[in-house]
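> Structure below; questions to follow.
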Amino acid sequence: MNAPELRRNPTDGRWVIVSADRGKRPSDLKSAAVQSQKESCPFCPGNENKTPSEIFAAGDTARAPNTPEWRERIFYSLNPVVSLEEELDRQGEGMFDMMSGFGVHEVIVNTPLHEDSIATMPLEQLNELILLWKSRLHKLRANPNLKFAMVFGNRGEKAGATIEHSHSQIIATPAVPYRVAIEITTGYDYFISREKCVFCDIFENEIGGERCLWENGNFIVICPYAPRFPYELWIIPKRHSSHFDETEDSDLAGLASAFQSAVKALNKTLNDPPYSFVLHSAPFIEKRMVHYHWHFEIMPRLSNVAGFEWGTGFYINSVPPEVACSTLKESLK
Ligand SMILES: [Zn+2]
Ligand SMILES: [Zn+2]
Ligand SMILES: [Zn+2]
């Protein structure tokens, strides 16, 4: 079996991507060394021929594709977990459900500068990157077979990044992932009982409080009330909106500085920790939802998930969010 498949676990409803190409031998599953040499970095300008051909790059209109002088650059992943080359095919296999590994896996190089990162890049660059994420999602939404897409990023070897140069990724799938589905059903139950969006309520409850790290006109950054991981942060837009890609550009103003403040605080407090971030936004197939509200989650990868967490879904967090928030706030002074 070489083509990737999406398989649904019937005991909890989770979809799993089984992609044989990515790890043929157990030795391949050991963590790959991080590509940190600037000279051989495939994401640095001048090395465009080391990546798949670009889908889009922000730069001068006169610039030829796959040449330097770009500000952000997008191409399909060299090791895609899902691909448009697969036919969308959903079928039963006896009692099981599976789908072909149809989908889109894009890589976005966030900046031409090898040393730059979300914490250090100019805000205009980060703002342009955020608007690029939005426009990519908007494009992917046009494919009726794609139900959902997630923007995410990993920084540092422990967070799964094999290339040091700052980059983000988008994976779009024909199935809605478990965590987002759970947030939506929980949000729906909350809305039915309280007639309010749970994220709007969180924002009203937390603003200016002991778990509120940072805020501006459009966004707050909080340490959530029940975080799974030490120093976990959420960025929540103040204005209700279920779909990130349908949010007005003017309502995204300030997200760059919210994001940068969050990551700067983590870097200063935890000495540049490995971290991952994810965008949770409503599935493309849903119309605007009153009970769902897009947000980013940022997770420093300080500890491994152990057996108890695995087995129960109870996360044990050794740093109360109130303590994490006051420590992080100090670093922003
Ligand atoms: Zn580089
Ligand atoms: Zn809301
Ligand atoms: Zn979420």
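> Among the lysines, which fall within straight-line cross-link reach of Lys264, defined as a Cα-Cα distance under 27 Å, with same-chain neighbours fewer than 8 residues apart omitted?
Cα-Cα hits under 27 Å: Lys38, Lys134, Lys158, Lys238, Lys329, Lys333.
> Check the straight Cα-Cα distances from Lys287 and name the aspartates and glutamates below 14 Å, setting aside those fewer than 8 residues away within the same chain.
Once the sequence-local aspartates and glutamates are set aside, what remains near Lys287 is Asp245, Glu246.
> For the chain, just give the cysteines left without a disulfide-compatible partner, judged by no other Cys Cβ under 4.7 Å.
Result for the chain is Cys212, no neighbouring Cys Cβ within the cutoff.
> Okay, next question. Taking only the alpha carbons of the range 194-332, what extent do you get along each of the three principal axes, in Å, biggest first?
Result, largest extent first: 38, 37, 27 Å.
> Please label the shape of the chain as rounded, prolate or oblate, based on the square roots a ≥ b ≥ c of the eigenvalues of the alpha-carbon gyration tensor (a/c under 1.5 means rounded; beyond that, a/b larger than b/c means prolate, else oblate). Working shown, then result.
Working: a/c = 1.35, a/b = 1.09, b/c = 1.24.
Rounded shape, in that the Cα axes give a/c under 1.5.
> Once R0 is set to 22 Å, what does the formula 1/(1 + (r/R0)^6) return for the Cβ-Cβ distance between Asp249 and Asn216, expressed as a FRET efficiency to the nearest 0.05? All intermediate terms of the calculation are to be shown ahead of the outcome.
On the way: r = 16 Å, r/R0 = 0.72.
The formula returns an efficiency of 0.90 here.
> Peptides 231-241, 107-117: what's the order by average Cβ count within 10 Å, highest mean first?
Ranked from most to least packed, the peptides come out as 231-241, 107-117.
> Now a separate question. How high is the FRET efficiency between Asp116 and Val323 when r is their beta carbon distance and R₀ equals 30 Å, given to the nearest 0.05?
Working: r = 31 Å, r/R0 = 1.03.
Computed FRET efficiency for Asp116 and Val323: 0.45.
> By Kyte-Doolittle mean hydropathy of at least -1.0 and Cα axial length of at least 15 Å, which whole DSSP H helices of the chain are selected?
Going by DSSP H runs, the hits are 123-141, 178-194, 255-270, 321-332.
> Quickly work out the Thr186-to-Arg63 label distance, labels modelled 7 Å from Cα along the C-beta direction, and quote it in nm with one decimal.
Going from the Arg63 label point to the Thr186 one covers 4.1 nm.
> I need the semi-axes of the equivalent ellipsoid of the range 47-139: take the C-alpha gyration tensor, multiply each eigenvalue by 5, square-root it, list largest first in whole angstrom.
32, 15, 12
> Something else about it: In square nanometres, what is one fourth of the surface area of the convex hull spanned by the alpha carbons of the range 249-331?
About 7.9 nm², averaged over all directions.
Any read-out appearing in this document is the output of simple, stated calculations on the displayed coordinates, not a laboratory observation. These numbers were taken from a predicted model, which means no experiment stands behind them. Glycine gets a Cβ as well: all are built from the backbone with ideal geometry, and neighbour counts include every protein chain shown.
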